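For reference, the structure discussed in these notes is given below.
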Amino acid sequence: MTVISTRGSDALPLPQGADAETEAIVRGLYTDGIVARRGAFSPEWTDRVRVDIETAFAEARSRKNGAVGRGPHRYYVEIHPEQLSGFVDLVDHPWVRQVAAAVLGPDYQIVEVGFDIPFAGAQQQPWHRDFAMPEATRTEGRLTSLAFNLTAVDTAEDMGPFEIAPGTQWDWSEEFDHGMFPPKDAYPRYEERAVRKYPQRGDISARSALTIHRGTQNRSALSRPVLVLGLDAPGAGNAEHHDLAVTRPYDDALPQRVRDHLACPVVDELTPITQRHTIEGLVMGEA
């Protein structure tokens with residue numbers, strides 16, 4: 001398979017007046033496709049997030065299509081902000097705001113909150129990206145969305161750590177199935193670049209969801225829940241694929257600088273989310 005890089009310039013799209021830290025963030029996301037902040041939150045704060053995730057997962061599994069499979073013994077659940085007690089702490093964290101504004105612009109939008117859980121027995125996923133490459137990325141070499149990941153546990157080697165192939169957010173070929181799955185004859189390209197990540201409670205990362213990655217096999221007896229926060233540049237359009245909503249009292253209590261970035265309706269009563277972000281190629285795991 002011939003892989004084409006969609007980014008033809010080494011020039012970084014830096015915001016005006018960017019300092020050295022901001023430049024390093026933009027450079028990391030435009031080169032490796034992932035950056036991280038160790039110890040962004042305390043382990044105790046992260047433990048509360050895990051309780052929220054476990055509560056939301058139990059509720060989601062109690063109803064039809066409340067959770068969607070991402071492979072054997074692996075699930076994804078989208079939730080409303082109010083189901084996460086630390087939502088404001090997360091989206092208003094200075095590093096999260098800095099990364100989002102630097103890469104997506106000052107009017108970035110919060111479009112997704114959810115979590116991924118590979119349980120014991122979760123199989124290795126095929127190499128993939130989370131959605132097909134947007135036209136703005138393919139033709140302009142511009143990132144229009146970011147996925148922030150916060151681990152709710154201390155990751156160990158046998159827990160099926162996340163694996164990413166740095167620099168592959170620009171890979172494009174007509175042979176990608178659904179624009180997301182490279183054919184197996186391209187796997188050596190990703191395996192030679194593969195880096196496994198072992199985040200600890202309180203660590204947070206930001207990545208382009210286009211960077212080729214996979215979850216690996218969970219050989220432990222433990223689950224590895226990871227919180228997902230999805231952000232868009234204006235016009236990216238990912239909000240239409242999600243069902244984020246907040247109630248009026250919750251919205252009224254939010255800091256204005258958080259409310260300004262929420263791309264979702266304000267409702268009188270929340271409706272449990274029916275998962276519809278199914279990725280068919282992940283359901284069976286890697287053959």
inquiry  = Please determine whether any residue of segment 165-174 is assigned to a strand (DSSP E or B), open to solvent by less than 10 Å² (accessible area, probe 1.4 Å) and not acidic (Asp, Glu).
reply    = no
ask   = What is the residue count in segment 243-262 for residues that are in contact with a His (Cβ under 9 Å, 6 or more places away or on another chain) and part of a loop (DSSP other than H, G, I, E, B)?
value = 3
request  = Give me the pairs, please: first residue somewhere in segment 183-194 and touching a residue at least 60 places away in the same chain (Cβ under 8 Å), second residue anywhere and open to solvent by less than 30 Å² (accessible area, probe 1.4 Å) and basic (Lys, Arg), beta-carbon distance under 9 Å, and either six or more positions apart or on two chains.
outcome  = 190/214
remark   = Note on residue 36: of the conditions (1) touching a strand residue (DSSP E or B) at 6+ places or on another chain (Cβ under 9 Å); (2) small (Gly, Ala, Ser); (3) more than 19 Å from residue 207 (Cα to Cα), unmet is (3)
message = Can you list residue pairs whose Cβ atoms sit under 7 Å apart, with the first residue in segment 10-27 being at positive phi and the second being modelled with pLDDT of 95 or more? Count only pairs 6 or more apart in sequence or on different chains.
response = none
inquiry  = Looking at segment 1-48 only, could you name the residues that are of a type in the set (Val, Ile, Thr), closer than 20 Å to residue 213 by Cα, at pLDDT 90 or above and open to solvent by less than 60 Å² (accessible area, probe 1.4 Å)?
reply    = 25, 26, 34, 35
message = Just the residues that are within 23 Å of residue 101 (Cβ to Cβ) and not β-branched (Val, Ile, Thr), please, taken from segment 136-165.
response = 136, 140, 141, 142, 143, 145, 146, 147, 148, 149, 150
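Which residue is farthest from residue 89 (Cα to Cα), if the candidates are limited to segment 221-239 and must be of a type in the set (A, V, I, L, M, F, W, C) and in a loop (DSSP other than H, G, I, E, B)?
First, pick out the residues of segment 221-239 that are of a type in the set (A, V, I, L, M, F, W, C): 221-222, 226-229, 231, 233, 236, 239.
Checking the rest, the ones that are also in a loop (DSSP other than H, G, I, E, B) come to 221-222, 233, 236.
Values: 221: 31, 222: 27, 233: 21, 236: 25 Å.
The qualifying residue farthest from residue 89 (Cα to Cα) is 221.
Table: residues versus (1) within 24 Å of residue 72 (Cα to Cα); (2) surrounded by fewer than 19 Cβ atoms within 10 Å (Cβ to Cβ).
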position: 186; (1), (2): yes, no
position: 194; (1), (2): yes, yes
position: 197; (1), (2): yes, yes
position: 232; (1), (2): no, no
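In segment 9-51, which residues are within 18 Å of the chain's Cα centre (by Cα) and assigned to a helix (DSSP H, G or I)?
From segment 9-51, those within 18 Å of the chain's Cα centre (by Cα) are 25-26, 28-38, 40-41, 46, 49-50; that's our starting set.
Matches in segment 9-51: 25, 26, 28, 29, 30, 31, 46, 49, 50.
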request  = Output the number of residues of segment 194-220 satisfying the condition of being under 10 Å from residue 163 (Cα atoms) and either in a loop (DSSP other than H, G, I, E, B) or touching a Lys or Arg at 6+ places or on another chain (Cβ under 7 Å) (or both).
outcome  = 6
inquiry  = If I go through segment 97-116 residue by residue, how many of them are in contact with a Phe, Trp or Tyr (Cβ under 7 Å, 6 or more places away or on another chain), under 28 Å from residue 72 (Cβ atoms) and open to solvent by 20 Å² or more (accessible area, probe 1.4 Å)?
reply    = 1
remark   = Across segment 65-87, the tally of residues that are out of contact with any helix residue (DSSP H, G or I) (no Cβ under 6 Å at 6 or more places or on another chain) and either of a type in the set (S, T, N, Q) or open to solvent by less than 20 Å² (accessible area, probe 1.4 Å) (or both) stands at 6
query = Counting just the residues of segment 117-161 that are within 19 Å of residue 84 (Cα to Cα) and surrounded by fewer than 21 Cβ atoms within 10 Å (Cβ to Cβ), which one comes out farthest from the chain's Cα centre (by Cα)?
reply = 153
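The values are calculated or read from the model by the stated rules, or taken from the named source; none is laboratory data. All of these numbers come straight from a predicted model, not from anything done at the bench. Don't worry about glycine lacking a Cβ; one is built from the backbone with ideal geometry, like all the others, and counts go over all protein chains shown. Note: accessible area is taken over every heavy atom of the protein model, side chains too, but ligands, DNA and RNA are not part of it. Shrake-Rupley method; radii C 1.70, N 1.55, O 1.52, S 1.80 Å.
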